[in-house]
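These notes concern the structure reproduced below.
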Amino acid sequence: MSARPGVSITADDAAFLSAALRQLTRILDTRYQRPTPRVLELEAQLSAAARSVSGTTELSAAVPVPRWRVTDDALDVATVAEQLGCSHENVRALCRRGTLPARRQSGRWLIDAQAVADYLERKA
């Protein structure tokens, strides 16, 4: 199988597309549906590209899709609730509204660690 060529886009375009895919994920979540793992991976790639320092980035069309796991970059609801000093349901509501950027994996919210730090700074 030959590799497909990548696509070059600007960081601004990557940010716009990433936000659109996050919005799609929120809409699907309200309908108890989930985007495919490939769509979640694409959103992660776009988000990373939007944060890149260069003006354009290369996205590979044939990137294998890793399984999501809780890492230093993604926190679970219990951890975030403890950090914010609120209930688990409050954290889930923040995720559903998009106040905290998060992804659903197997029915669990995984919240971006940097977003939690930013949220705490805004509240301070």
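So, of the residues in segment 87-104 that are outside any helix (DSSP H, G or I) and touching a residue at least 60 places away in the same chain (Cβ under 8 Å), which turns out to be farthest from Arg122 (Cα to Cα)?
The extreme case among them is Arg104.
Would you check which residues across segment 22-36 are open to solvent by less than 80 Å² (accessible area, probe 1.4 Å) and either more than 17 Å from Arg97 (Cβ to Cβ) or of a type in the set (Lys, Arg) (or both) and list them?
Result: Arg22, Arg26, Pro35, Thr36.
One line per residue, one yes/no per condition, for (1) open to solvent by less than 40 Å² (accessible area, probe 1.4 Å); (2) on the phi < 0 side of the Ramachandran plot; (3) among the hydrophobic types (A, V, I, L, M, F, W, C):
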{"position": "Ala78", "(1), (2), (3)": "no, yes, yes"}
{"position": "Ala93", "(1), (2), (3)": "yes, yes, yes"}
{"position": "Ala102", "(1), (2), (3)": "yes, yes, yes"}
{"position": "Gln105", "(1), (2), (3)": "no, yes, no"}
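The values are calculated or read from the model by the stated rules, or taken from the named source; none is laboratory data. Note that this is a predicted model, so its numbers are computed, not measured. All Cβ positions, glycine included, derive from the backbone under ideal geometry; neighbour counts span all protein chains shown. Please note that ligands, DNA and RNA were not included when accessible areas were found on the heavy atoms of the full protein model with its side chains. Shrake-Rupley method; radii C 1.70, N 1.55, O 1.52, S 1.80 Å.
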